[in-house]
Amino acid sequence: MPERTASRSFGKASVRDAEVDGRRVLLRADLNVPLQRGGVADETRIRASLPTIELLRDGGASIVLVSHLGRPKGPDPDFSMGPVGKRLGELLGAEVKQAPAVVGDEVLEMASGLSAGEVLLLENSRFEAGETKNDPELAKDLADLADLYVNDAFGSAHRAHASTEGVAHHLPAYAGLLLEREVTELTAVRDDPERPLVVVLGGAKVTDKVGVIDRFLGFAEEILVGGAMCFSFFKAEGRDTGNSLVEDQGVESATGVLADAGGSDSMLELPEDLVLGKEFDAETEIRELNGVDVPEGWMGLDIGSNTAANYSKRIARAGTVFWNGPMGAFEMEPFAAGTRAVAEAVAAAPGHTVVGGGDSLAALASFGLADAVDWASTGGGASLELMEGKELPGVAVLQDAKETANG
Ligand code: ADP
Ligand code: MG
C-alpha cells in the first residue's frame, strides 16, 4: 500500500544516518523529570533518552547534552541538572561530566576537551533567559559547543526555544531516535490508522484538547469523552453540572463541537452515568448517579460503571485506539474505577494502542499497565499539537531526509 508507506515515512534526517565518529554532538534531550528530595522521582524520561545517547557514544561521538528542567526564573540550585546527571551516569554506567552553566567560556572549554564517548551535561537551559525567548545569541553560543545538533526532546518540540529551534539554524540538524519514533507513531494514528479509530479523551482541560476533537470529528469512527471535560459538554447541552469542574471557555468550545458533531460521520459519546462526590477529596461522601444531571452540592469525579463498560467494549472493537486524559480523578481510589477500566481495556485491546498525556501515563503506571500499550508518548502538549495537525517547530527546523530511490 503506497499511501501507507508514504505517510509513515518521517521526512527528516535521522541521527541513524549522521556521520558522528570523532565529532561533537549537541544533543537536546527531554530530561524534564520530577524531582523529590534532591533526587529523581520518576526516571522515565531519562530512560527514554538512553538509546540516542548510546547510539552516539557507540558511533564514536562526544556528547554535549542539554535539557530544561521545571520552570525556574533564572539560575536556581533547586532546578539544577545535578541529580539528573547523577542518575544518567548510573544508567549509562559511565561518567557524566556536569557543566556549571549553560554556555560561557568555562563550558566551551569543557566541551572542547571531550574525547570520544564522553558526555557533558549542561546546566538547565532555562537558567538562561534567552532560552524561552529563542534568543539568537544564546542559540549561537549553544551551536558553538558542537559540530552537529540532534534533537531528541519530543516533549519540547512544540516550543520554539533556543535549544529546540534556534540552535538548529546554525548546525547540521538531525532527529534523535525517540523524537523520530514519537512523530512516526503519532503521525500514523493521525493520518493512516487501522479502522475503526476510537479516540478516548478525558482529563481536566477541554481547551487544551478541543483541537484534537476538531481534528478527529469526521475522521475517527468514535470519540469517547470522559474526565472533567465531559461537564463542559453537559453544560453546553443545558444540563445540571452541580459543583463539577466546568471551564467557561470549555463550554464555548464544547458548544461548537456538539454543533459540528451532528453533521459528521463520527460518533461522539458522552457518559451515561457518573460517580459523584461531595468534595474533591478521597474521604468525601460518594454516590453513583444513573444519569448525568448532577444535583446541587455534588460534583462528578468519575464516569459510572455503565459508561466504563460501554467505552471498554468500543475500545475492544477498535483497529486503533488513541487515549489522552483520565476518565476521572483517578489519584483518589474512590474515583479511579473508570480510568482503571479504560486503561485495562486499552491494555487488552487487540488493535493498535497509543496513549499520550502525563497523567494518563501515570494512571497506566499506577495500574501496572505501562508496558501493555503499543506506544506511550512522552510528550503531553507536543503529542496533542501533533495530533491536531499543527507543525512542531522543533521538528520542522530539522534538515530534510535525503531523497533515496526507495523514498
Ligand atoms: P493528561 O496529563 O493525561 O493529558 P490532564 O492533565 O488533562 O491529563 O488531566 C488529568 C487530571 O484531570 C487528573 O489530575 C485528574 O484528577 C483530573 N480529572 C479527571 N476527571 C476529573 C473530574 N471529573 N473532576 C476533576 N478533575 C478530574
Ligand atoms: Mg496533565
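Computed over the Cα atoms of segment 9-177, the ratio of the radius of gyration to the Kirkwood radius (Rg/Rh) comes to 0.92. By DSSP, the beta bridges lying fully in the chain are antiparallel in about 20 percent of cases.
With a point put 7 Å past each Cα toward its Cβ, work out how far Arg287 is from Ser112 in nm, to one decimal. Going from the Arg287 label point to the Ser112 one covers 7.4 nm. Once the chain from Glu19 to Ala129 is taken as fully extended at 0.36 nm per residue, the excess over their C-alpha distance is 36.3 nm.
Charging the Cβ of each Asp and Glu at -1 and of each Lys and Arg at +1, and nothing else, the dipole of the chain about its Cα centre rounds to 560 debye. A Cβ-based charge dipole, computed about the Cα centre of segment 178-299 with Lys and Arg at +1 and Asp and Glu at -1, lands at about 160 debye. Could you tell me which residue out of Ala41, Ala18, His170 lies farthest along the dipole of segment 9-177 toward its positive end? Charges go on the beta carbon: Lys and Arg +1, Asp and Glu -1, centred on the Cα centre. The one lying farthest along the dipole's positive direction is Ala41. Beta-bridge orientation, segment 184-388: approximately 30 percent antiparallel, per DSSP, counting only bridges with both partners inside.
For the chain, the convex hull drawn through the C-alpha positions has a volume of 144 cubic angstrom per residue. For the chain, leaving out every one of the GluC sites (Glu not before Pro) that falls in a DSSP loop and has at most 15 other Cβ atoms within 10 Å, the longest unbroken run is 96-193. For segment 9-177, the Cβ-based charge dipole about the Cα centre amounts to some 520 debye (Lys, Arg positive; Asp, Glu negative; other atoms uncharged). Each of Leu201, Leu171 has some number of other Cβ atoms within 10 Å of its Cβ, and from fewest to most they run Leu171, Leu201. Estimated from helices alone, the mean residue ellipticity of the chain at 222 nm is -10500 deg cm²/dmol (sum of -39500 (n - 2.57) over DSSP H runs with n ≥ 4, per residue). Pairwise Cα distances in segment 52-114 exceed 19 Å for 37 percent of all pairs. The phi torsions of segment 27-43, fed into the Karplus equation with coefficients 6.51, -1.76 and 1.60 and a -60° offset, translate into couplings of 10, 8, 10, 9, 9, 7, 9, x, 9, 8, 6, x, x, 7, 7, 8, 9 Hz, rounded to whole numbers, with Gly and Pro shown as x.
You can think of it this way: the chain between Lys402 and Lys86 has 110.0 nm of extra reach, that is 0.36 nm per residue less the Cα-Cα gap.
For the residue pairs Lys133/Lys235; Lys12/Lys313; Lys97/Lys390; Lys12/Lys140; Lys133/Lys209; Lys97/Lys209, the C-alpha atoms sit more than 29 angstrom apart in Lys133/Lys235; Lys12/Lys313; Lys97/Lys390; Lys97/Lys209. A dipole drawn for segment 184-388 from +1 and -1 charges on Cβ atoms has a positive end, and of Leu217, His352, Leu386 the residue lying farthest that way is His352. When Rg and the Kirkwood radius Rh are both evaluated on Cα atoms of segment 184-388, their ratio Rg/Rh stands at 0.94. Across segment 184-388, C-alpha contacts under 8 Å between residues 6 or more apart give a mean separation that, scaled by the residue count, equals a relative contact order of 23 percent.
FYI, it's all coordinate maths here, none of it is from the lab. All figures in this text were calculated on a predicted structure; none of them were measured in a lab. Heads up, the Cβs are rebuilt from the backbone with ideal geometry, glycines too, and the neighbour counts pull from every protein chain shown.
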